[in-house]
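Okay, so here's the structure we're looking at.
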Amino acid sequence: MPTGSVVDQADIGTSASPPPFVRLPDLRNRFARRAARLGHLADGHPLGDYLALLARIAAAQQDALGRLGPGTMPAATGRTPLDHRAPRGDQGWLPVLRGMLADLRPDLTLPVDVEALADRVLAHDPRPDDLALAPFVHAALEVWFTRMAAMLDPGDLGHERSLTTCPACGALPVASTVEATGSLSGSRYLHCGLCGTAWHFLRVKCAVCEGTAGIAYHEIEGGGGAAKAETCDGCGAYGKIFYLARDAATDPVADDLATLGLDLLVGEAGWARAWPNPYLAAERPR
Ligand SMILES: [Zn+2]
Ligand SMILES: [Zn+2]
């Protein structure tokens, strides 16, 4: 068994008003925050070179986001307002990709059918020869979907129900956080790995199968309590929870990558990871 298992507290919060169901991405600092976080995490980390590359990619994403026009939404499918599986409404993401490659990897060339490559990356199903391009392709799509998601009306996404995929774009979450400030304090949010939308989800409840029995929390001994794996005996899956009271600078994508030791710990104990990290391209959802 992993060390340091604890029982989490209920989703009590500290405010009388319920937390908002969705929080759309903030275009002003969405990727700048992540770039700073990755730069911090890269220092002395076993994956430091890759985290440092992703920090440069995140900085380029923030620059590109500031230049990207409103764009055209994908056709509505009825599933979510911004369906990540629907044909893209425009190719606004492609100049973002070309710009990042020109700055960071001018040696890489795009295939003729770049939209098919994008579909494989979004499905977390890249081919072996996609792997070098995959982080850049995801980064460009992430900028484009984030730009679109920020245009949505939170009122249109305000379902008072349990959702295990993003209410804005339908993609899987990458991780969850327990908030630490103001009226959000104590509430848990799942974070979309594509468009950056966060949505409220009860604590001590499996965010994969929605079961509430057999939930436990594990952390690496001496880890300080900022990152835990929430395991579910009902479905055998786990996802990560980051506690912002322990580290307010957490970025779900960056901190997920920097805590792969936690994945090894719970993976060896028999739980399967529920959510792919988009920057670990070889990984597929269960
Ligand atoms: Zn999303
Ligand atoms: Zn479960």
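The numbers here are math on the coordinates, done by the rules we state, and not lab data. Note that this is a predicted model, so its numbers are computed, not measured. A quick note on method: Cβ atoms are made from the backbone with ideal geometry, for glycine too, and the neighbour counts reach across all protein chains shown.
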Checklist entry - Convex hull over the Cα atoms of the chain, averaged projected area in nm²? => result 14.5 nm²
Checklist entry - What number, in percent, do you get for the relative contact order of the chain if the mean sequence gap of Cα pairs under 8 Å and at least 6 apart is divided by its residue count? => result 24 percent
Item to check | FRET efficiency, Gln91 to Thr165 (Cβ-Cβ, R0 30 Å, nearest 0.05) | outcome: 0.75
Item to check | Share of pairwise Cα separations in the stretch 133-286, more than 21 Å, in percent | outcome: 44 percent
Checklist entry - How are the C-alpha pair distances of the stretch 30-149 spread across 10 Å bins, as whole percents from the shortest bin up? => result 13, 42, 36, 9, 1
Checklist outcome for this item: With -39,500 (n - 2.57) per DSSP H segment of 4 or more residues and division by the full residue count of the chain, the 222 nm estimate, nearest 500 deg cm²/dmol, is -9500 deg cm²/dmol
Item to check | Theoretical gain in end-to-end length, Thr77 to Asp129 [0.36 nm per residue, Cα-Cα removed] | outcome: 15.6 nm
